[in-house]
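Report on one structure; see the data block that follows.
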Amino acid sequence: MDLHGSTAFVTGANRGLGLSLTRAVLARGARKVYAGTRTLGMKDIPGVVPIQLDVTDPRSIAAAASECADVTLLINNAGIARLMDSTLDPGWIGLAREIFETNFYGLVMASQAFAPVIATNGGGAIVNVLSDTSWFSRPMLSAYSATKSAAWSYTNALRIELREKGIQVLGLHVGYMDTDMTRGFDLKKSNPDHVAADALAALESGEEEVMIDENTRLIKQSLSGKRAYYLIASAPG
Ligand SMILES: NC(=O)c1ccc[n+]([C@@H]2O[C@H](COP(=O)([O-])OP(=O)(O)OC[C@H]3O[C@@H](n4cnc5c(N)ncnc54)[C@H](OP(=O)(O)O)[C@@H]3O)[C@@H](O)[C@H]2O)c1
């Protein structure tokens, strides 16, 4: 997809990767970016139109899709993570349901609401922000990882269906980034501005899946091997 002259909608645009993607889409020549945020009050950025959006609320998504009828690019970025001690934690299911509402059902509902809008506007793209945890899981992030595996699976089906409508579907997989989500994690992290720039370069090159960092590429490559990362991973790192 050529971003020049496009109109984007970014979910969770007020901070972290969403804010980086918002700025990067504008830098690549987008006409306008709708910034979908749970609470309004984001700092003014020329070219950015704030829109109230909670991806767990179907009415909020429907209202946004109706109001933003000129969208040609949807970026499903909004996400949450919750840490847990064990896969056997009695609270696991409750926490998993909470994360699924945002990371999985939210992404599905936004895709369903905006795909017809993008098709009506002559085609464009949907970018789904996934993770290296789509392909491996540890106890601490097991519910979060399950949401990203599920979202990866949905993304793969969505891509097949939307190709014939002229909508490119890009799965964006990345490891730890330096955002609020990983505050306090003493680990190597990618700069979200660099992640956004690399993801949009891949989008404009016509790619349908992008692994941003070397570790994520190695994890994906290992999947069919005897030493697949999901078989040898240990906590936490
Ligand atoms: N950070 C990492 O290491 C990492 C790695 C791989 C993938 N990711 C993924 O990257 C994406 C962005 O994460 P981030 O690191 O930038 O996290 P972040 O800094 O915590 O930002 C999360 C964003 O999502 C928004 N959000 C959460 N729930 C929402 C809802 N129900 N409706 C609308 N917006 C909602 C937040 O809004 P509020 O400000 O209102 O809370 C915030 O704007 C997520 O999908 C995450 O899973 C992150």
Checklist entry - Quick check: anything in the stretch 220-234 at pLDDT 95 or above, within 15 Å of the ligand (Cβ to nearest atom) and open to solvent by less than 80 Å² (accessible area, probe 1.4 Å)? => result yes
Item to check | Qualifying residue in the stretch 168-182 (condition: touching a helix residue (DSSP H, G or I) at 6+ places or on another chain (Cβ under 8 Å), open to solvent by 80 Å² or more (accessible area, probe 1.4 Å) and more than 28 Å from Ala110 (Cα to Cα)) | outcome: no
Next on the checklist: So for the stretch 94-101 (the condition being within 19 Å of Gly171 (Cβ to Cβ), under 14 Å from the mean Cα position of the chain (by Cα), of a type outside the set (Asp, Glu) and modelled with pLDDT of 95 or more), does at least one residue qualify?
Outcome noted: yes
Next on the checklist: Go through the stretch 82-105 and report how many residues are part of a helix (DSSP H, G or I) and either within 19 Å of Ile51 (Cα to Cα) or within 16 Å of the ligand (Cβ to nearest atom) (or both).
Outcome noted: 11
Checklist entry - In the stretch 44-62, which residues are among the β-branched types (Val, Ile, Thr) and surrounded by 16 or more Cβ atoms within 10 Å (Cβ to Cβ)? => result Val48, Ile51, Val55, Thr56, Ile61
Item to check | Members of the stretch 9-43 that are near the ligand (Cβ under 7 Å from one of its atoms) and open to solvent by 40 Å² or more (accessible area, probe 1.4 Å) | outcome: Asn14, Arg15, Arg38, Thr39
Checklist entry - Which of the strands (runs of 3 or more DSSP E) contained wholly in the stretch 3-81 include at least 3 residues that are touching a residue at least 60 places away in the same chain (Cβ under 8 Å) and of a type in the set (A, V, I, L, M)? => result 73-76
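The values are calculated or read from the model by the stated rules, or taken from the named source; none is laboratory data. Treat the numbers as computed from the prediction; the structure is a model and nothing was measured. Here Cβ is always computed from backbone atoms with ideal geometry, including for glycine, and neighbour counts include all displayed protein chains. For accessibility, only protein heavy atoms count, side chains too; no ligands or nucleic acids. Shrake-Rupley method; radii C 1.70, N 1.55, O 1.52, S 1.80 Å.
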